[in-house]
Amino acid sequence: MTLANVLKSYAVAYLTGDTHLALRRSTAEMARRLRRQPHEIIYFHRADDPYSQLMVQVLPDLAARFDIKISPRVVERLPANMYPDPQRFEAYSILDATRLARLYGLGFPSSATVPDRLAVGMANRYLARLQDDPNFFSVAEEVGAALWKQDVKAVRSLCVAADIDEKVLEDNERLLRGLGHYASGNLYYAGEFYPGLDRLDHLERRLNRLGLGDGEVHFELTRLWRYGLESLDRTVTGRTLELFYSVRSPYSYLGIHLASELAGISGVRLKIRPVLPMVMRGLKVPSTKARYILFDTKREARIENLPFGRIVDPLGEATRRAMALGFRLAEDGEDIAFFKALSRAVFAEGIDASTDRGLAQVLERAGISASKLSGAMPADVWQPMAEKNRQMMLMSGSWGVPTFRIGSETLWGQDRLWAVVEALKQH
């Protein structure tokens, strides 16, 4: 491994580490005190974002439990380059919001479809005019409920003529980008983003450590999937859980370890379906998105007690060699152990998987003989297999990794193990 890669690995480890996090937070808190400002959270709302519809239902409770001010900002146009497959993302997010609403007992119609565009424009502009109104959340919930029920007449009745300058929306969108993010349904507090219900528990813990709250964490239901796992009906044993996985995805690193744990306890059969990274398929990952993913993976890894930060990017040769070897090892049932060891090596241990030495270390950690290095598949064999996996993923309704598939259910994200368990229970 080159000296440059070694130095970069240590630099990333520091930037994502606990010491740097504590320094950033203490600096932000000191700056707030010097300016004599209140603890303020900026919330970015979009009327046709299903996750936003859930957020406006829970944020009043958050504001009541914590000594904080929540300032809504309405956005409409999100950066297109952040979403590689916007149609699939939009369709999936509606289904996903339905699951989350059921989990947390929130209102969201199970029959929801993509809202009427004219009604959406009307709703966003009306809510932008009210974003400083103390009743914003209740109004946004009511407008959103009509929107998601396709009740255009109700939306028109609720959203009286909104005489606003388009600059309000533009300024809010510029603020979101300037702070370092791209998604709505998103909270920003003192240098960090918390998008959707899935990350609210991180915010709760942070505010509690500052002595601002009730000491409780209400939004961690998605993390409780392990409870009762051993008592699952034994009929789930032997069922197949597919994982569409990329060796370059930090979320896949978390996903394969968590899915392996679930399979080990429940008896479900885990099948890995590797796909090429987006960048190696000609798709770009914007730097803003890559930076957020890096820090978000670290906090998710921290809460799951998985190491993360000593990264040697496996893009290119390391990915090609890993895929060639992983597909071959699958024939002997050793691919899961290999990919687990590989992802830990490149995302937590600073190992260069593009070299024979690095791959030998990975095989050793996986309990596999280093002699298997010589048996890697040729590219003209494994590449069509990887492409077939990608096509299967797309046909299932997902666009990226990690994606889980259990029966007819498709679930995107390393934080959807709770939904995998629910799917197992239903079957």
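A few notes on this one:
- Residue tally, condition within 25 Å of the chain's Cα centre (by Cα) and not basic (Lys, Arg), over region 1-22: 14
- Options Pro79, Pro72; residue that is of a type outside the set (Asp, Glu) and at pLDDT 95 or above: Pro72
- Among the residues of region 126-136, those that are surrounded by fewer than 21 Cβ atoms within 10 Å (Cβ to Cβ) and touching a helix residue (DSSP H, G or I) at 6+ places or on another chain (Cβ under 9 Å) comprise Arg129, Leu130, Gln131, Asp133.
- Where a residue in region 99-119 is closer than 18 Å to Arg416 by Cα and in contact (Cβ under 8 Å) with a residue 12 or more places away in the chain and its partner, wherever it lies, is in a helix (DSSP H, G or I) and of a type in the set (Gly, Ala, Ser), with Cβ under 7 Å and at least six apart: Arg99/Ala419
- Per the conditions (1) outside any helix (DSSP H, G or I); (2) modelled with pLDDT under 95, the sole criterion not satisfied by Ala183 is (2).
- Helices (runs of 4 or more DSSP H) (entirely within region 309-427) containing at least 3 residues that are more than 25 Å from the chain's Cα centre (by Cα): 317-330, 356-366, 379-395
- Counted residues, region 139-170 - those being within 27 Å of the chain's Cα centre (by Cα) and surrounded by fewer than 14 Cβ atoms within 10 Å (Cβ to Cβ): 1
- Any hit, region 285-307, residues being in a loop (DSSP other than H, G, I, E, B), in the same structural domain as Leu258 (by TED's automatic domain parsing) and basic (Lys, Arg): no
- Selected residue (criterion: nearest to Gly255 (Cα to Cα)) from residues of region 394-412 that are of a type outside the set (Ser, Thr, Tyr) and touching a Gly at 6+ places or on another chain (Cβ under 8 Å): Pro402
- Scanning region 319-341 for residues that are closer than 17 Å to Lys271 by Cβ and either free of Cβ contacts under 8 Å to residues at least 40 places away in the same chain or of a type in the set (A, V, I, L, M, F, W, C) (or both) returns Met323, Phe327, Leu329, Ala330, Glu331, Asp332, Gly333, Glu334, Ile336, Ala337, Phe338, Phe339.
- Residue within region 249-257 that is β-branched (Val, Ile, Thr) and in the same structural domain as Thr319 (by TED's automatic domain parsing) present: yes
- In region 171-211, the qualifying residues are those that are under 25 Å from Asp116 (Cβ atoms) and hydroxyl-bearing (Ser, Thr, Tyr), and the one that is surrounded by the fewest Cβ atoms within 10 Å (Cβ to Cβ) is Tyr182.
- Note on region 25-63: residues that are in a helix (DSSP H, G or I), surrounded by 14 or more Cβ atoms within 10 Å (Cβ to Cβ) and among the hydroxyl-bearing types (Ser, Thr, Tyr) total 2.
- Taking the criterion of being outside any helix (DSSP H, G or I) and either buried (at least 21 other Cβ atoms within 10 Å of the Cβ) or hydrophobic (A, V, I, L, M, F, W, C) (or both), the residues of region 212-241 that qualify are Leu212, Val217, Phe219, Leu224, Trp225, Leu232, Leu241.
- Scanning region 1-14 for residues that are in contact (Cβ under 8 Å) with a residue 24 or more places away in the chain and either in contact with a Cys (Cβ under 7 Å, 6 or more places away or on another chain) or among the hydrophobic types (A, V, I, L, M, F, W, C) (or both) gives Met1, Val6, Val12, Ala13.
- Considering region 268-321, and only residues there that are within 22 Å of Gly178 (Cβ to Cβ) and among the aromatic types (Phe, Trp, Tyr), the residue that is surrounded by the most Cβ atoms within 10 Å (Cβ to Cβ) turns out to be Tyr292.
- Residue in region 188-200 that is modelled with pLDDT under 95, within 30 Å of Arg405 (Cα to Cα) and out of contact with any helix residue (DSSP H, G or I) (no Cβ under 7 Å at 6 or more places or on another chain) present: no
- Residue that is surrounded by the most Cβ atoms within 10 Å (Cβ to Cβ) [pool: residues in region 73-125 that are among the hydroxyl-bearing types (Ser, Thr, Tyr) and in a helix (DSSP H, G or I)]: Tyr92
- Where a residue in region 196-217 is over 15 Å from His39 (Cβ atoms) and its partner, wherever it lies, is assigned to a loop (DSSP other than H, G, I, E, B) and acidic (Asp, Glu), with Cβ under 7 Å and at least six apart: Asp198/Asp415; Asp201/Glu220
Matching residues to (1) more than 25 Å from Leu7 (Cα to Cα); (2) outside the structural domain of Met82 (by TED's automatic domain parsing); (3) hydroxyl-bearing (Ser, Thr, Tyr):
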position: Thr319; (1), (2), (3): no, yes, yes
position: Gly350; (1), (2), (3): no, yes, no
position: Ala353; (1), (2), (3): no, yes, no
position: Leu359; (1), (2), (3): no, yes, no
position: Val401; (1), (2), (3): yes, yes, no
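The values are calculated or read from the model by the stated rules, or taken from the named source; none is laboratory data. All values derive from a computational prediction rather than experimental measurement. All Cβ positions, even for glycine, are placed from backbone atoms using ideal geometry, and neighbour counts span all protein chains on display.
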